[in-house]
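Structure, as C-alpha cells:
Nothing in this text is a laboratory measurement; each read-out follows from the coordinates by a stated rule. Bear in mind that the values here come from a model prediction, so they are computed numbers and not experimental data. We place every Cβ from the backbone using ideal geometry, glycine too, and count neighbours over all the protein chains shown.
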Amino acid sequence: MKLHLGCGKRYIQGFTHIDAVDYPHVDHVSQIDVLPYIADNSVDLIYACHVLEHFKRSDVARVLTEWKRVLKPNGILRLAAPNFAAVCEVYQKYGRLDLVIGLIFGRQDYLYNIHYNLFDYPSLVKLLKEVGFIGGGGGSKIGVMIGAKPNMRKSTTIRRLISRIWTRITAF
C-alpha cells in the first residue's frame, strides 16, 4: 500500500489518498496525524508533500511516530517541507516578502492551509532521529536534497521548487 497524505487536489495513480478536504479522488476524508484505519507495518510508502509544516511544533513528533507505526520495515517515507534556510536566502537576495511569506505562514486561504512550523536540514534530521527514522542500527537511510536554484523569472517557481527539503527515509 502507498499513502499520499494531505494530498489536496493532487491525484497520484496507485496511491491511497487521504485528506481532510473531500476532493473527488480522496479515499479517506480524515486528518493525517492519526490513521486508526491503517494497520501497523502495512504501508510500503508514505508520500507527504508540504504537510508536516501544517502541524504545531508540539505535535510533529507524534505525527511522525504515527506514520512510522504504519510503515513496513524497510518502508519509505518521502517528505517535502519548506526549507527555511533557502527561504531566508531568497529574501536576502531579493528583499521581497511576497516571494516567501506563503512558505512561512501558508496561503491561509482555507482552514487547513496554515503553517505552524519551519524546518531546515539540521532540525528535520534531528527530529527524524528523535522519532526513530534515523539511527538505531536498523540500516535506515536518509537522502536530502535542499532544492534546485529557482528560476527567478517566475515567482511560482520559487514557491514550488525552491525552499523544499526532500527526504527519502527507509524505516527500520
If amide H atoms are modeled at 1.01 Å from N in the peptide plane, then the residues at a separation of 5 or more from ASN83, or on another chain, having amide H under 5 Å from its own are SER163, ARG164, ILE165
Pairs over 25 Å Cα to Cα, from LYS9/LYS126; LYS68/LYS126; LYS56/LYS129, come to LYS9/LYS126
Diffing region 58-69: the Karplus 3J(HN,Hα) column from phi (6.51, -1.76, 1.60, θ = phi - 60°), in whole Hz with x for Gly and Pro, holds 6, 9, 4, 4, 5, 5, 4, 5, 5, 5, 5, 4
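Round to the nearest 0.05 the FRET efficiency obtained for TYR37 and LYS126 when R0 = 41 Å and r is the Cβ-Cβ distance. Display every interim value, and only then the final one.
Details: r = 30 Å, r/R0 = 0.74.
The computed FRET efficiency comes out at 0.85.
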With x for Gly and Pro, the residue-by-residue ³J(HN,Hα) of region 15-31, computed from phi through the Karplus equation 6.51 cos²θ - 1.76 cosθ + 1.60 at θ = phi - 60° and given in whole Hz, is 9, 8, 9, 10, 7, 6, 9, 7, 7, x, 8, 6, 7, 10, 8, 6, 5
Rounded to 0.05, the calculated FRET efficiency for the beta carbons of LYS56 and ARG78 at R₀ = 30 Å is 0.85
The answer for VAL43, listing residues at least 5 apart or on another chain whose modeled amide H is closer than 5 Å to its amide H, is LEU71, LYS72
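Hey, fewest Cβ within 10 Å first, where do ASP120, ASP19, ASP98 land in order? Mind dumping the intermediate values first?
Details: ASP120 17, ASP19 23, ASP98 8.
Ranking ASP120, ASP19, ASP98 by Cβ neighbours within 10 Å, fewest first, gives ASP98, ASP120, ASP19.
Calculate, in nm to one decimal, what VAL29 and GLN13 gain on full extension: separation in residues at 0.36 nm each, minus their alpha carbon distance. It would help to have the intermediate numbers written out before the result.
Numbers: separation 16, 0.36 × 16 = 5.76 nm, distance 1.75 nm.
Contour length minus Cα-Cα distance gives 4.0 nm.
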Quick shape summary for region 35-142, equivalent ellipsoid via Cα gyration tensor, semi-axes whole Å in descending order, reads 28, 17, 11
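Can you tell me the length gained on complete extension of the stretch TYR112 to GLN92, counting 0.36 nm per residue apart and subtracting the Cα distance? Provide the component values of the computation, followed by the final result.
On the way: separation 20, 0.36 × 20 = 7.20 nm, distance 2.87 nm.
Value of the extension gain: 4.3 nm.
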Going from the fewest other Cβ atoms within 10 Å to the most, one would list TYR37, TYR121, TYR47 as TYR37, TYR121, TYR47
